[in-house]
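Q: For reference, the structure I am asking about is given below.
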Amino acid sequence: MNTDHPIAIEGYASRFELSDQGGDVMRKGAFHTTLQKQKLSDVKMLWQHDPAHPIGKWLHIQEDSIGLFAKGLLYPGIAQGRQAIAMVQAGILDGLSIGFKTRRAQRNSKTGRRDVLAVDLWEISLVTFPLLPSARLTVVS
């Protein structure tokens, strides 16, 4: 692929009803309010959750029946973006992870896990090791 132009990526940054490695389970509707009240441009695309390294921008984020789905562009004109593109295209990097503030949650007495019911979404990062192993991206173009 030509890396002179942005490449499009998409994937699930979070999936509902699955426990992540920290014991959190995102429940359907957890992202509804945050997606309604904030601008898309407020949700940053970061490298490994590092606010000093934005690598692109999200063009579309939605909550569906599976989880939090996002589409965005990685930019080669940004040094870390260029590295991300190379690693994504080589199949070395394919993890997604969310940065958020919990607004409402409750402890599940049966599982001991935390059911997350509402969040403020801050960012979606490309990561080496996603806390939710099934949070993965694919290259669209």
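FYI, it's all coordinate maths here, none of it is from the lab. Everything numeric in this text was worked out from a predicted model, so none of it was measured. Every residue, glycine among them, receives a Cβ derived from its backbone with ideal geometry; neighbour counts consider all protein chains shown.
Q: Leu132 passes all but one of (1) surrounded by 13 or more Cβ atoms within 10 Å (Cβ to Cβ); (2) of a type in the set (A, V, I, L, M); (3) farther than 15 Å from Arg27 by Cα; which number fails?
A: (3)
Q: Considering segment 58-82 alone, what residues qualify as being in contact (Cβ under 8 Å) with a residue 12 or more places away in the chain and over 30 Å from Glu17 (Cβ atoms)?
A: Tyr75, Pro76, Ile78, Gln80, Gly81, Arg82
Q: Let me ask another. If Ile7 satisfies all but one of (1) under 20 Å from Arg136 (Cβ atoms); (2) β-branched (Val, Ile, Thr); (3) surrounded by fewer than 13 Cβ atoms within 10 Å (Cβ to Cβ), what's the number of the condition it fails?
A: (3)
Q: Which residue pairs have Cβ atoms under 6 Å apart, sit 6 or more places apart or on different chains, and have a first residue in segment 12-26 that is closer than 15 Å to Glu63 by Cα and a second that is part of a loop (DSSP other than H, G, I, E, B) and among the aromatic types (Phe, Trp, Tyr)?
A: Here the result reads Met26/Phe16, each pair linking segment 12-26 to a residue that is part of a loop (DSSP other than H, G, I, E, B) and among the aromatic types (Phe, Trp, Tyr).
Q: Quick one: in segment 27-57, which of the residues that are touching a residue at least 60 places away in the same chain (Cβ under 8 Å) and of a type in the set (Gly, Ala, Ser) is farthest from Ala84 (Cα to Cα)?
A: Gly29
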